[in-house]
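Below is one structure; the comments refer to it alone.
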Amino acid sequence: MAKAILITGCSSGIGYVTAHALHKRGYQVIASCRKQEDVLRLQQEGLTSIQIDLSSSESISQGVKQTLAITEGQLYALFNNGAYGQPGALEDLSVAGLKAQFETNFFGWHQLVCELLPTMRAHGEGRIIQNSSVLGFAAMKYRGAYNASKFAIEGWSDTLRLELANTNIKIALIEPGPIETHFRANALVAFNKWIDIENSPHHEEYQQQLSRLSKASSNNAFVLPAEACVAPVIHALEAKHPKIRYRITKPTKIFAVLKRLLPTRWLDKILQKAA
């Protein structure tokens with residue numbers, strides 16, 4: 001029987017291309033999406049797709065039940081990928097807006113893992129892959145909510161790895177950096193929903209952020225297509241000793257080195273320009 005993997009956030013981007021790639025590779029892929037119309041689209045493309053809204057505890061539990069029914073309780077792997085970015089200065093973001101960011105990017109992932117770990121333990125093996133970010137270890141201004149959620153995922157994943165060290169369940173972090181996806185469009189929606197742009201002391205700086213988020217493409221010299229994440233995910237699934245962190249783009253690799261070598265104030269100056 002083909003090894004089964006549940007992937008969240010498959011409507012587009014990294015989740016979408018990874019779901020199709022693993023399906024072609026012979027995996028039993030369960031591709032989840034937040035919206036039902038995306039579930040239907042993926043089903044028409046030949047994927048097994050279900051609806052999971054990571055901000056809803058009930059939706060997550062229902063998705064777990066569906067996944068275990070589809071796989072006959074044989075789930076091998078989980079790729080926690082579904083997330084979004086909440087732009088805006090921290091002082092402009094309400095507690096409700098920050099909670100919304102964490103519901104999807106952190107608490108939803110936590111619940112999925114906790115509900116699926118017993119199945120992996122019962123079968124004596126498993127892989128949990130967490131899609132983090134360069135912003136999971138290098139903070140940038142006006143991305144504080146997303147920074148916080150990804151920093152949390154990094155620490156959470158490191159802790160889980162230590163707690164599962166005596167099992168055959170392996171934990172890996174993917175740290176992509178600039179990838180060409182629909183991320184900016186989704187972030188723009190969140191920006192307009194939660195931030196009072198006109199009345200903010202950061203009003204002028206926000207005009208640059210609005211311009212950046214409104215562009216169809218990133219225009220980043222180092223940006224890679226979502227397909228660049230597929231090979232690291234496959235390695236994390238199939239290697240006997242998967243890497244703890246897979247750094248994919250040049251900025252991610254560079255900032256990882258700079259964070260180790262530079263004094264914090266020096267790194268701050270570089271991050272200010274990078275933002």
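Under the convention that each Lys and Arg Cβ holds +1 and each Asp and Glu Cβ holds -1, the size of the dipole of the range 57-153 around its Cα centre is about 220 debye.
When each of the peptides 88-100, 30-42, 261-273 is scored by the mean number of other C-beta atoms lying within 10 Å of its residues, the order from highest to lowest reads 30-42, 88-100, 261-273.
Kindly state, to the nearest 0.05, the FRET efficiency for His123 paired with Ala231, given R0 = 35 Å and r defined as their beta-carbon distance.
Details: r = 26 Å, r/R0 = 0.73.
The computed FRET efficiency comes out at 0.85.
Placing +1 on each Lys and Arg Cβ and -1 on each Asp and Glu Cβ, with no other charges, gives the range 146-261 a dipole about its Cα centre of roughly 520 debye. Take the Cα of Val95, go 7 Å toward its beta carbon, and the backbone nitrogen atoms of the range 116-152 under 20 Å from that spot belong to 144-146, 148-149.
Residues whose amide H comes within less than 5 Å of that of Gln28, counting only those at least five positions distant or on another chain, are Lys3, Ala4, Ile5 (H built at 1.01 Å from N in the peptide plane).
Look at the dipole of the chain built from charges on Cβ: of Thr119, Leu188, Tyr246, the Cα furthest out on the positive end belongs to Tyr246. Farthest towards the positive end of the charge dipole of the range 46-135, among the residues Gly73, Gly46, Gly63, is the Cα of Gly73, using unit charges on the Cβ of Lys, Arg, Asp and Glu.
With each label modelled as a point 7 angstrom along the Cα→C-beta vector, the Glu204-His110 pair spans 4.0 nm. Dipole size of the chain about its Cα centre, with +1 on Lys/Arg Cβ and -1 on Asp/Glu Cβ: approximately 1000 debye, rounded to the nearest 20. Residue by residue, the range 68-83 carries 3J(HN,Hα) couplings of 5, 5, 5, 8, 6, x, 10, 4, 9, 9, 10, 10, 6, 10, x, 6 Hz when phi is fed to the Karplus relation 6.51 cos²θ - 1.76 cosθ + 1.60 (θ = phi - 60°); x denotes Gly or Pro. The three principal axes of the Cα atoms in the range 1-75 give end-to-end lengths of 31, 27, 19 Å, sorted in falling order. Scalar couplings 3J(HN,Hα) for the range 181-194, obtained by applying the Karplus form with A = 6.51, B = -1.76, C = 1.60 to θ = phi - 60°, are 9, 8, 4, 5, 5, 5, 5, 4, 4, 5, 4, 5, 6, 10 Hz; x denotes Gly and Pro. Using every pair of separate Cα atoms, the Kirkwood estimate puts the hydrodynamic radius of the range 88-205 at 15.9 angstrom. Extending 7 Å from the Cα toward the beta-carbon at both Ile244 and Glu163 defines two label points whose distance is 1.7 nm. Sequence-ordered 3J(HN,Hα) estimates for the range 163-178 from the Karplus curve with 6.51, -1.76 and 1.60 and θ = phi - 60° stand at 6, 9, 4, 8, 10, 9, 9, 9, 10, 9, 10, 9, 10, x, x, x Hz, glycine and proline given as x.
For the range 20-60, the square roots a ≥ b ≥ c of the C-alpha gyration tensor eigenvalues yield an a/c of 1.5 or more together with a/b not exceeding b/c, which makes the shape oblate.
With each label modelled as a point 7 angstrom along the Cα→C-beta vector, the Ala274-Leu261 pair spans 1.3 nm. Is the C-alpha gyration tensor of the range 174-275 telling us rounded, prolate or oblate? Criteria: a/c under 1.5 is rounded; beyond that, a/b larger than b/c is prolate, otherwise oblate. Verdict is oblate for the range 174-275. For semi-axes √(5λ) of the Cα gyration tensor in Å, the value calculated from this model appears in (1) 76, 20, 13; (2) 26, 24, 18; (3) 31, 21, 17 under label (3).
Since every read-out is calculated from the coordinates, none of them should be taken as a lab result. Being a predicted model, the structure only gives us computed values, none of them experimental. Note: ideal-geometry Cβ built from the backbone for every residue, glycine included; neighbour counts use all protein chains shown.
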